[in-house]
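> The structure is given below, and queries will be raised subsequently.
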Amino acid sequence: MNIPVRPRRLRQSEAVRNLIQETRTHPSQFIYPLFISEQKSLRKIHPQLSSALTLSMDEALKEAKEAHQLGIKGILLFGVSDKRDSRGSEALRKDSALVRTISEIREACPGLLVATDIALDPYTDHGHDGLFENGKILNDASIEVLSEMSVLHAKAGAQILAPSDMMDGRIGAIRRTLDQSGHEDSLLLSYTAKYASSMYGPFREVLSSEVVGDKKTYQMDPANRREALRELTLDLNEGADMVMVKPASWYLDIISDFKKHSNVPVVAYHVSGECAMIEVGAKAGLFNRERAIQENIISMRRAGADIIVTYFAKELARASI
Ligand code: PBG
């Protein structure tokens, strides 16, 4: 006699469903991005993405403490500046609001990991992540500036440096520069497969960043999957401690590939456009905001992401307490 197969038995109650859940999330797996402004007493909320905050140093301190209390282990800081030039000189200013904020947060929240985005786009008048002259990116010269920027942030106390520029060879060069300046413990979180995506819109609004042309000569073509493995091999050989896929939702195959083909932590960046889509859609009554966020985040964990950078980090942490 055939015994009837009843998979629904495992779905019969919340208790059974919780017991057998294959994928879970925990506040310690989230990294919370914050934008640091030179202005004083500022707490600016993006109109379509209420969790993308531009903050003055004092407000950033409060926000970091609150995130830490909710169990979040890492924040990712971006500079915002209205002083732009072709070389992104502000990126190397030793007393910028960003640099001072790194030190202040380290002092105020010893157990919190401070990561910083390493790229020039908040500071260049052409909006590119590297140096750009006569319509061309200067790869190797950019790497030198990004290495200097990394050391500046490491000196201020950032434990994680996250190069998001996609220049060739930057992980190795930054690693060498950090080691030579006594920062061999600084972690490198590489934006390994960063795609030339339409989903960075709200982020560029926060930065007031207008790009001359586009970033397609360094960010990857969304059509390419195997090419991401090539970037992965290079970054691992050059010494990346963690590897990132960005954006996340439309690139779950890449996250899954990274999990399979590496043995370092895989990070997914739930970028501004992805988060804003949920927020705008929920406001329009198309679906439930919390459920959409949970489903979106669990899909990244299911695909293999160990860590998720998301503007929703605080509300996700709150929901799981
Ligand atoms: C650039 C950078 C970008 C983001 C993080 N770092 C935008 C870009 O490449 O133009 C996007 C993050 C987001 O959309 O949330 N250094």
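The values are calculated or read from the model by the stated rules, or taken from the named source; none is laboratory data. Predicted model, so just to flag it, every value in this text is computed and none were measured. Cβ atoms come from the backbone with ideal geometry, glycine included; neighbour counts cover every protein chain shown.
> Check 114, 99 and return the single one that is in contact (Cβ under 8 Å) with a residue 24 or more places away in the chain, outside any loop (DSSP other than H, G, I, E, B), more than 23 Å from residue 239 (Cα to Cα) and touching a Lys or Arg at 6+ places or on another chain (Cβ under 8 Å).
99
> Something else now. Quick check on residue 60: is it crowded, with 24+ Cβ neighbours inside 10 Å, within 19 Å of the chain's Cα centre (by Cα) and away from the ligand (no atom under 16 Å from the Cβ)?
Numbers: crowded, with 24+ Cβ neighbours inside 10 Å: yes; within 19 Å of the chain's Cα centre (by Cα): yes; away from the ligand (no atom under 16 Å from the Cβ): yes.
Against the criterion (crowded, with 24+ Cβ neighbours inside 10 Å, within 19 Å of the chain's Cα centre (by Cα) and away from the ligand (no atom under 16 Å from the Cβ)), residue 60 qualifies.
> Are any residues in the range 98-121 among the small types (Gly, Ala, Ser) and surrounded by fewer than 22 Cβ atoms within 10 Å (Cβ to Cβ), and if so, which ones? First the steps, then the outcome.
Taking the range 98-121 and keeping what is among the small types (Gly, Ala, Ser), we get 103, 108, 111, 115, 119.
Listed by number, the residues that qualify are 103, 108, 111.
> Tell me, which residue of the range 66-92 that is touching a residue at least 60 places away in the same chain (Cβ under 8 Å) and part of a loop (DSSP other than H, G, I, E, B) is surrounded by the most Cβ atoms within 10 Å (Cβ to Cβ)?
Filtering first and then ranking leaves 72.
> Considering each of 43, 84 in turn, give the residue that is under 30 Å from residue 138 (Cβ atoms), in contact with an Asp or Glu (Cβ under 6 Å, 6 or more places away or on another chain) and modelled with pLDDT of 95 or more.
When all the criteria are applied, what remains is 84.
> Report, by residue number, each residue of the range 275-321 that is crowded, with 19+ Cβ neighbours inside 10 Å, aliphatic (A, V, I, L, M) and closer than 24 Å to residue 68 by Cα.
Passing the criteria: 276, 293, 297, 300, 305, 307, 308, 309, 313, 316, 317.
> Out of the range 236-247, which residues are over 14 Å from the mean Cα position of the chain (by Cα) and either within 16 Å of the ligand (Cβ to nearest atom) or among the aliphatic types (A, V, I, L, M) (or both)? Break it down stepwise before answering.
From the range 236-247, those over 14 Å from the mean Cα position of the chain (by Cα) are 236-241; that's our starting set.
The answer is 236, 240.
> When you scan the range 278-321, how many residues do you find that are hydroxyl-bearing (Ser, Thr, Tyr), away from the ligand (no atom under 15 Å from the Cβ) and within 16 Å of residue 46 (Cβ to Cβ)?
0
> So, one more: Collect the residues in the range 248-277 that are of a type in the set (A, V, I, L, M) and either within 16 Å of the ligand (Cβ to nearest atom) or not in a strand (DSSP E or B) (or both), keeping them in residue-number order.
Scanning the range 248-277 gives 248, 252, 254, 255, 264, 267, 268, 271, 276, 277.
> Then there is this: Output the residues belonging to the range 65-79 that are within 16 Å of the ligand (Cβ to nearest atom) and over 16 Å from residue 106 (Cβ atoms).
Correct list: 78, 79.
> Filter the range 1-43 down to the residues that are hydrophobic (A, V, I, L, M, F, W, C) and within 30 Å of residue 102 (Cβ to Cβ), then identify the one that is surrounded by the fewest Cβ atoms within 10 Å (Cβ to Cβ).
Step by step, filter the range 1-43, then rank; the result is 42.
> In the range 217-228, how many are of a type in the set (D, E, K, R) and near the ligand (Cβ under 9 Å from one of its atoms)?
Qualifying residue count for the region: 0.
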